[in-house]
1. Between A:Ser127 and B:Lys308, what is the spin-label point distance in nm, taking each point 7 Å from the Cα along the Cα→C-beta axis?
2. Based on the alpha-carbon gyration tensor of the range A:173-283, what equivalent-ellipsoid semi-axes (square roots of 5 times the eigenvalues) come out, in whole Å, largest first?
3. Average projected area of the Cα convex hull of the range A:38-194, in nm²?
4. Please tell me the relative contact order of chain A in percent, rounded to the nearest whole number, where contacts are Cα pairs under 8 Å and at least six residues apart.
5. For the range A:165-235, what class follows from the C-alpha gyration tensor (a ≥ b ≥ c being the square roots of its eigenvalues): rounded when a/c is under 1.5, otherwise prolate if a/b is larger than b/c, else oblate?
6. Please average, across the residues of A:88-96, the number of beta carbons from any other chain that are within 10 Å of each residue's own beta carbon, and give a whole number.
7. According to the Cα gyration tensor, what semi-axes, each the square root of 5 times an eigenvalue, does the equivalent ellipsoid of chain A have, listed from largest to smallest in whole Å?
8. When DSSP assigns beta bridges and you keep just the ones with both residues in the protein assembly as shown, what percent turn out antiparallel, to the nearest 5?
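Any read-out appearing in this document is the output of simple, stated calculations on the displayed coordinates, not a laboratory observation. The structure displayed is predicted, hence computed values, not measured ones. A quick note on method: Cβ atoms are made from the backbone with ideal geometry, for glycine too, and the neighbour counts reach across all protein chains shown.
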Amino acid sequence: MKYIGEYRDRGLVMKLADHIRRSVTRNYSFMEVCGGHTSAIQRFGIHSLLPPQISLISGPGCPVCVTSTGFIDRAIAYSRMENVTIVTFGDLIRVPGSSSSLEKEKAGGADIRIVFSGLDALEISRSEPDRTIIFLGIGFETTAPGTAVTMKTAREMQLKNFLLLSAHKIMPPVMDSIVKDGIRIDGFICPGHVAVITGSEIFRFLPEKYGLGCVVSGFEPTDLLQSVLMLVNQINEESPDVGVQYSRAVTEKGNIIAREQMGSVFEPCDAEWRGFGNIPASGLSLKKEFEYFDAGRRIPLNIEQHRDNPACICGDILRGLKQPDICPLFRNACTPENPVGACMVSSEGTCNSWFKYHRQ
Amino acid sequence: MNEFITLNHGSGGRQAHQLITELYVKSFEMSLPLTDSAVLKNNGYTLAFTTDSYVVDPLFFPGGNIGKIAVCGTINDLSVSGAVPQYLSASFIIEEGFPLCDLKAIVTTMAEEARLAGVRIVTGDTKVVGKGKCDRLFITTSGTGLLKPEFEHISSGKLICPGDKLIVNGALGDHAIAVLGARNNLSFSSPVVSDCASLNHLIQSVLEESSKVHFMRDLTRGGLSAVLYELAHLSGSGLLVEEAAVPVDDPVRGLCEVLGFDPFSLANEGKVLIVAGAEEYEKVLGILRAHPLGKKSALIGEITGAHKGEIILNTLTGGKRILDIPSGVQLPRIC
């Protein structure tokens, strides 16, 4: 068992697809809110396996896509300061700020380095004590525990030149916000790796408050198809619930140690989401004991507030209300090389996928 | 075009394509289609001529070094045009302070690789620049080869027709992952070795036996995806590719899963895509598999008359999707 091929077994996939085809009794639309799911759905051609009655909509689950213009502008402002190194995960460097991106700043000479772990940023801080190292913390509950451990380690190492610029976010408030604002969907494919940490119960409000079905899904083709089947069954039986398809990794309570780590370093704060604006208590900021490492406090910036391009319809796309082809910017001003809105930025974004996989 | 050159312009994807067509081709009034080698006719002889610059970090990696790529890469560019590579030039831009022993090791590798491939390095140049003015060592090689008239069509692909088969000579992505693993700032060590090799003997053995090779390209930057995209545009035909048939070894597949990379877009230094006529593809496969550099050769798809200019991928799991040209350098994903 290598845990890859088995979940991509063509025979099993066909069986599941057939089962779904025989189970549908009406039209269904489901939203996946994890970039990893969006990516897997595209990559394995899941759309082509589903009957036409089922549509899958990509929600706000790619942490890169929803990173605000203001955050990128702040990171760029820091990167232009003397003696400052920006350390970041890879795909963030393409995200457009109001007038530039980290990628363009890097080409123009800024010291911007890509790492695979926050701990790599600590090593850079230790070996280059004369530079100020600013780590861009990004991601949902999946990556926030890693950043929490990084902050605790930085404290133990007594690093004076290591700072965090946090854009960490949590999932339930945005899901709540899009449902409240009106959305045409029947259920959610819930993010598997978020639930590994948080436990599946954080999605309980979806069936209880809104009567929406939800299934926590894994990331392989058989996982996704089984999740769709579970959602179809929940709706057919009119029994919305929190289903757990990804049971090999997800429990009700999640990873308690990781949650404790997160809780000891971060506290909820209001956060800006690209395409959605401000959502209360949807972000994570450093607690008082860790304020010392907060880039915003240590090096205050005075940056002009930027407004998103008013023609951009990413907010509606992320809510599943509109599709990319009716956006006046799509394929014109907005392309993968020069993205305007959130959904064109990452390979996981809806517009980016449409650009690549749907021809005119 | 962006204001600055970014790393994306050198990645072999969409932006690199734009730079070439919108700046170089226009300014130099070059003739289309662009091929790996220029085909030059002179007094009855046909010469293939090509040049390439090599930068790699780190300079030494499992399976080779910058010198080996500089020789193999130019030999391969000539070979996939159907030419027999003969002479190379080698120019070095060296940063002040570069260890002489490293230069010697690299040059020794180049000499050895050229000897094995049966080509001669006959001219060259050296420039030394101040500290910080270049990253240790850059090498440019140019090469010429003799092109028989019956193979002149290969680089332009003008004989490609529906029903032709797509063949690769082995597993993809080894070079990119070997280099990534060797790069100092990554904290994983992978057992993957670069596939860097001169393909001229392999390709000659095919061309000697089969007259039905309609197109060849080496799968370097941008990998298989970029070459398939180029092929679809060049031929105006549709391409149908079976994902399950494309060989990728387990360590590369595993690392791609972890890092969010697409093995189809990873660079190779010893892999070629061959488009062969339907009537002789089995013969071509047989010849490839009999050669040490082609043991894992595989039939991965075909040229179709439908969906012109597009690449349809039948996915591992039985789904279908369009395969797109990679855009920019591949970046590790957050989640």
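1. With each label point 7 Å from Cα toward Cβ, the separation is 5.5 nm.
2. 24, 19, 12
3. Directional mean of the projected Cα hull area for the range A:38-194 stands at 11.2 nm².
4. This gives 21 percent for chain A.
5. Note, shape of the range A:165-235 comes out oblate.
6. 4
7. 35, 23, 18
8. 55 percent
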